[in-house]
Amino acid sequence: MNSVAAPVLRLHGYAVSNYFNIAHAALLESGAAFEIVECRASQTPAFLQMNPMGKIPVLETPDGWVAETIAILAYIEACFEHTRPVNAFERARQLQLINVVQLYVELPMRSLYPGVFMGGENSESAIAAARQTLDRSTAALRQLARPQPWLAGEQVGHVDLFTFYCLDLAERVSRHVYQRSLLQELGLSDWAQRMAQRPSSLQVLGAFAEVFGSYLAEKQAAYPFPAEDLNALRASASARSIRG
């Protein structure tokens with residue numbers, strides 16, 4: 001694996017966050033040397049020095065802090081050759097897909113987190129508004145998201161990681177609120193299964209499963225800890241055992 005640079009990196013965040021998981025998976029796929037520093041989003045003065053928005057993830061580099069997942073992915077792409085799109089057009093198309101997923105799938109589904117993952121309630125108007133945006137975005141994604149066999153083409157790219165981890169939580173919310181599977185609607189079930197079996201995914205999904213159940217209990221969430229997360233936890237433990 002050829003690298004342009006080999007900085008020692010530290011990724012700050014918490015595995016319940018899909019954005020943290022995107023950055024974590026991208027670092028694993030890149031072969032970079034890095035450490036995980038577990039922390040939650042915070043508005044403390046110390047954390048705001050790392051990220052003025054007080055959100056996770058935050059990447060600590062030899063040159064300073066980088067926040068916002070898109071910026072972190074750009075940093076990784078600049079440092080590690082194999083993650084780069086083949087040309088400017090492909091980079092733009094992948095960014096287009098990332099934006100659609102983030103703004104028109106992940107964001108409306110995130111608006112329903114209170115009544116699904118956080119022990120609150122979602123109003124009927126919020127549910128209806130999210131559904132309206134979701135109907136438009138799924139129609140768009142059926143045109144834009146066509147694995148060949150990956151969304152980035154013949155090799156996994158950052159667009160695959162971003163879409164996979166955003167859809168992971170969006171799928172959970174959609175099934176719980178609307179009883180509809182986004183992956184099935186988008187024709188991405190097989191792609192998602194292939195993504196879930198990647199070594200980076202086994203590690204990241206295993207870390208997610210380790211903390212998700214306690215997060216749901218802490219929040220007294222309506223959403224139950226599902227069997228697939230237990231399976232991910234077991235697969236991650238098995239993979240670690242084989243490597244050991």
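Every number in this text was worked out from the coordinates using simple rules, so none of it is lab data. What you see is a predicted model; the values in this text were computed from it and never measured. Glycine gets a Cβ as well: all are built from the backbone with ideal geometry, and neighbour counts include every protein chain shown.
Charges only on Cβ, +1 for Lys and Arg, -1 for Asp and Glu: so what's the dipole of segment 9-83 about the Cα centre, in debye to the nearest 20?
300
Name all residues of segment 20-38 having a backbone nitrogen under 13 Å from the label point set 7 Å from the Cα of Glu210 along its Cα→Cβ direction, giving them as ranges.
Answer for this model: 36-38.
Ranked by Cβ crowding within 10 angstrom, fewest neighbours first, how are Leu167, Leu141 ordered?
Lowest count first: Leu141, Leu167.
Once you charge only the Cβ atoms, +1 for Lys and Arg and -1 for Asp and Glu, what is the size of the charge dipole of segment 161-228 about its Cα centre, to the nearest 20 debye?
60
Residues with amide H under 5 Å of Val37's amide H, sequence separation 5 or more or different chain, H placed in the peptide plane at 1.01 Å from N; which?
Residues meeting the amide H criterion: Leu11, His12, Gly13.
On average, how much area does the Cα convex hull of the chain cover when viewed from any direction, in nm²?
With every direction weighted equally, the projected area is 13.6 nm².
Can you tell me the equivalent ellipsoid semi-axes for segment 1-107? Use √(5λ) from the Cα gyration tensor, largest first, whole Å.
23, 19, 11
Which ³J(HN,Hα) values, rounded to whole Hz and listed in residue order, are derived for segment 68-75 from phi using the Karplus coefficients 6.51, -1.76 and 1.60 in 6.51 cos²θ - 1.76 cosθ + 1.60 with θ = phi - 60°, glycine and proline given as x?
Whole-Hz 3J(HN,Hα) from phi for segment 68-75: 6, 4, 4, 5, 5, 4, 5, 5.
Pick out, from Leu48, Tyr14, Leu134, the residue whose Cα sits farthest towards the positive end of the charge dipole of the chain, with +1 on the Cβ of Lys and Arg and -1 on the Cβ of Asp and Glu.
My answer, from the dipole projection, is Leu134.
Sorted by packing (mean other beta-carbon atoms within 10 Å per residue), highest first, where do 95-105, 17-27 land?
Result, highest mean first: 17-27, 95-105.
Provide the per-residue ³J(HN,Hα) series for segment 166-180, in order, calculated from phi with Karplus coefficients 6.51, -1.76, 1.60 and θ = phi - 60°, each as a whole number of Hz, with x at glycine and proline positions.
5, 5, 4, 6, 4, 4, 4, 5, 4, 5, 6, 8, 10, 6, 10
In segment 153-215, which GluC sites (Glu not before Pro) are in a loop and have at most 16 other Cβ atoms within 10 Å, using DSSP for the loop call?
Glu154
Under the Karplus relation 6.51 cos²θ - 1.76 cosθ + 1.60, θ = phi - 60°, what is the ordered set of whole-Hz ³J(HN,Hα) values for segment 194-210, x standing for Gly and Pro?
For segment 194-210, the Karplus-derived couplings read 5, 4, 5, 8, 5, x, 5, 5, 4, 6, 5, 5, x, 5, 4, 4, 5 Hz, x marking Gly and Pro.
Rounded to the nearest 0.05, what FRET efficiency do Trp150 and Ala129 have when you use their Cβ-Cβ distance and R0 = 30 Å?
Once rounded, the FRET efficiency stands at 0.40.
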